[in-house]
Each structure stands twice: as C-alpha cells, then as structure tokens.
Amino acid sequence: MLLTPPAALTPVLTALQRTGARVLVVGGTPRDALLGVATHDWDLEIHGLGETRLAECLAPFGAHRVGGRHAVWVVAGAEISLPQAPGGQINPHLPWAIAAQRRDFSVNALAWDWQAQRLLDHVGGVADLHARRLRVVAADTFWEDPLRVFRAARLAGQLGFSIEARSATLCRQLAPRLQEVPRERLRKEWEALLLRGRHLIRAWDSLALTGAITRFPELRALQAVPQRPDAHPEGDVWIHTGRVLGAAGQLRSGDKTRDIILMLGALLHDLGKTSTTRRDPQGRWRAFGHEQARVTAETFLSHYFPGNHLSHQVLPLIRWHGAPYALHRDGAGRAAYARLALQVPDRPLLLDIALADARGAGIEHPPAIDVARKVWQEMNIWTGLPDPLLKGSDLIALGFMPGPRLGKALALARELQATGGYHDRESLMAALHRRLPELSLRDDRAYSLPSCFPTD
C-alpha cells in the first residue's frame, strides 16, 4: 500500500517522528488507499506524546487546536489527535487495538503505522473492504456520536458499500438522537454526500434504511407521493428524487462552488409536490404549480445551507426547472427563451437540473435541452447576460412614474435586449417606445413565464 502525504504535511510527520511518537494514519486515508481511490482527508493519531508536548511539536507549523475536551489540531490540511479510551478520556499510551474500538465502522478502523510502514487491522476492516460492507465496530461506543447514523448513509453512497443488517438496526435505534446534532455538522455531512457520492441512489436509499431521514421531515415527506406512471415509470417522488440525484452526480464539474448548487437543486427540486399533488378530472396524479411551492426548500436551505448566495442560485433553479420542456412543447420563440434566461443566474446549471430531472424519469436525451442551449447560444446569452442598457432612471427621465408600469417597461426592455436585436441605448429606446402601448393591455404575466407547467 502506498501513502503519499501532501507536501506540506511531510515536515510535520518528520518532526513528530523525531520526538519518538508513534504516528498512525487513521480514518479514511488507509481505507481509500486500499480501495485505490483519491484520499480527501488525512487524519493522524499520535501515540506516546501528551497534549503539552504534542502542542509544542506542532506549534512551529502553525497548527491550531479545535474542539473542546477532545484535543484535535489542524495543520497542513490534516487533523491530528490523541488516542481516547472508552468514555472519551485521552490516554497517549493507549494501545491501538483498544483505541480502534471507538471508531465508527470497521473500514474506518484501519491504521497505517507510519514508521513501521505496516497496516494495523484489529477489527476485520480489510475483510469488510473486500465484502464492500459497512459494519459497526462496537455497539457501546457507536452511540457516542449520533451523527454516525447519517455518516453511514453518506459512506454507503461514497463507497458503494452495503450496510450490514445489524449495523442498520443500530443506526435506526440511534437515529432519534440526530436531533441533538448541530446543524453545522449536518451541513458538512450533506456536502460530503452531495459532492463526493458516486452511488447517490444508494446513499438516498440508505438515508431511509438507517433512519437518518427522520431528521429531515421535508425530505421524508417525499416517500409515497404518487406520480403519473406514464410520465414517471420509475415510481413515486422519493424514488424519482434519488434517481435525479444520481443523474446530477454524473453532471458535476469538479468545481465545488458550482456543484453544490447543482446537487442542492437536484435534492430539492420536487419538494413542492408534497403539497400540490392531486388527481386531475381524469383521475391522473398531477402536481400543478409544484415549482412555485418553494417554502419547504427555503426552510431546508435556511437550516443547513444558510446565506443569500446559495438561496439566490438554488431557488430559481427549482422554480424554473420545468420551463425548458414547456417552451419546447409549445414551440416557443426567442422572446420566451429570453424571458426564461432572465429568470435564472446560470443557464447551463438550469439545463443540467432539467437534464437530471429527465434522466430521473428515464429519458436520457431530451431534445428540449439541446433546443434551449442552441437558442441561448445563438442569442449570446448562454454563459452570461449583457448589462442592462436601460435603467429605471432612464425611463423616469422620460416621464415614467415609479410603480408597476415602470417595472413592466424595464422587464420588456430587458427582454428586447436579451433577444439580441438591440445593442445600444438609442435603438433599444426606440423599440421600447414602439411597444409601450402594449403595457396597458397586458398584465404582469406578459413579461414572465407561465405560472405552472403541466409536464408531470
């Protein structure tokens, strides 16, 4: 097994060895090395040094301590800790065979002795790696951290492993205590699940298997929400959402800032169906207006991904994820596509969400996606929108009074500019002037898109 530490971590390892400490590489690093996949995190457990001596050794490298009574230092992208006995008491001289009992799953209880260059496996982790299963190390210590329930589902999706039956039972018994876990810790697990997961349908189903989904009632409510079999042969909204997550995972770019928006959009895109699904006069299940019912999505984001930046990106994707199909179905013209482009901050992301949605229903190459992309590329608004040529102050100078009519005029000016036919203020102003009589004849919907899309 080959372990190559980050360059910045190498002098830290050298300094630790010079003190006579026993350095063990623990956690996911030896696991991932044995699986032949990229290592995301480096965790070291230091045996033979007390807290004071370890802090002195790490101080020259700018290490800072985190956590409370459990001593953990962060340096050079790695987390460094001391062994803990049952009950969480630090014991620098604790044998690894005992310290390993406090790990969550056997595949995470492997250790690589850095000096001896050998693998330590006291709990059958290698056998479980070969069997591709997650197994709780010890029931009595597993209960120390309820977050492990969610982590089981996340690791199942990250590694593509199954969860051993007894371990799944332990998770379900512990799941009610997820209410004790701070939201920030849950956010980090969600990020890892959404950004690292390679088997996202398995992760989604494992949230239910472990009981972790009970911590998120807005997501749990998707279970058994019916859909039209002709439009969604895959099944209910829960099943569909898992498949959409899997499809979106295939569209990740590697840019974490972009990918988290994509994955949150996939996760939350159909939450509105829980409150809007009804039978139509023909007895078919429909969810008219589910794109607009976004309060539940707003609540989820505010709890686990707070901040205006993400909500301003994700919520428009949820609101308009069905629009490309509605426009294609209706044979819409460039003006309608321009209006849609103005509704979302990122056109490529919208089409990625729409594509994942289609693939979640079994449609691999929906033509609506190619049409929207082609139209926006021809209009030069695929990767960005032009700065507005006309502003409210320009129209007020022409005699417009602040109010709804001014807003309609500005929306129409943006639409005209986005179609690509006007590139200077004078020609745009002239075109707008010719269209002004229409403002009193149309309501606000004339400058927006349909309020719902009967695509489900």
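If you average the C-alpha positions of the range 1-52 and of the range 131-206 separately, how far apart do those two centres end up, in angstrom? That distance is 24 Å. Taken one residue at a time, the phi angles of the range 356-369 give Karplus couplings (6.51, -1.76, 1.60, θ = phi - 60°) of 4, 4, 5, 5, x, 9, x, 9, 6, 10, x, x, 4, 5 Hz. Gly and Pro are set to x.
Using a cut-off of 13 Å between beta-carbons, work out the net charge of the residues near ARG243 (Lys and Arg +1, Asp and Glu -1, ARG243 not included). Here the count lands on -4. Basic side chains Lys and Arg get +1 at the Cβ, acidic Asp and Glu get -1 at the Cβ, and with that the dipole of the chain about its Cα centre reaches some 480 debye.
For ARG258, the accessible area of its heavy atoms, probed at 1.4 Å with every protein chain present, is near 50 square angstrom.
Of ASP128, ASP230, ASP121, the residue with the largest accessible area leads and the full order is ASP230, ASP121, ASP128 (1.4 Å probe).
Rolling a 1.4 Å probe over the protein heavy atoms of the chain, with every protein chain left in place, gives an accessible area that is 52 percent carbon and sulfur.
Here ALA38 and ALA8 are evaluated by their C-beta separation; at R0 = 22 Å the FRET efficiency comes out at 0.80.
Give the distance, in whole Å, between the Cα centre of the range 288-357 and the Cα centre of the range 395-412. What the calculation gives is 26 Å, centre to centre.
The amide H of PHE105, built 1.01 Å from its N in the peptide plane, has VAL137 as neighbours under 5 Å, considering only residues 5 or more places off or on other chains. Based on DSSP H segments of at least four residues, each scored -39500 (n - 2.57), the chain has a per-residue ellipticity at 222 nm of -14000 deg cm²/dmol. Beta-bridge orientation, the chain: approximately 80 percent antiparallel, per DSSP, counting only bridges with both partners inside.
Solvent-accessible surface (1.4 Å probe) assigned to ARG198 amounts to roughly 130 Å². Residue ranges 168-181, 338-351 sort as 338-351, 168-181 when ordered by packing (mean number of other C-beta atoms within 10 Å per residue, highest first).
What the phi angles of the range 189-205 give under the Karplus curve with 6.51, -1.76 and 1.60, with θ = phi - 60°, is a coupling list of 5, 4, 4, 5, 4, 6, 8, 9, x, 9, 10, 6, 5, 5, 4, 4, 5 Hz, glycine and proline written as x. For LYS408, the accessible surface of its heavy atoms amounts to roughly 40 Å² (probe 1.4 Å, protein chains only, rounded to the nearest 10).
The values are calculated or read from the model by the stated rules, or taken from the named source; none is laboratory data. Keep in mind it's a predicted model, so treat the numbers as computed, not measured. Quick reminder, even Gly has a Cβ in these numbers, built from the backbone with ideal geometry, and neighbours come from all protein chains shown. Only protein heavy atoms, including side chains, enter the accessible area calculation; ligands, DNA and RNA are left aside. Shrake-Rupley method; radii C 1.70, N 1.55, O 1.52, S 1.80 Å.
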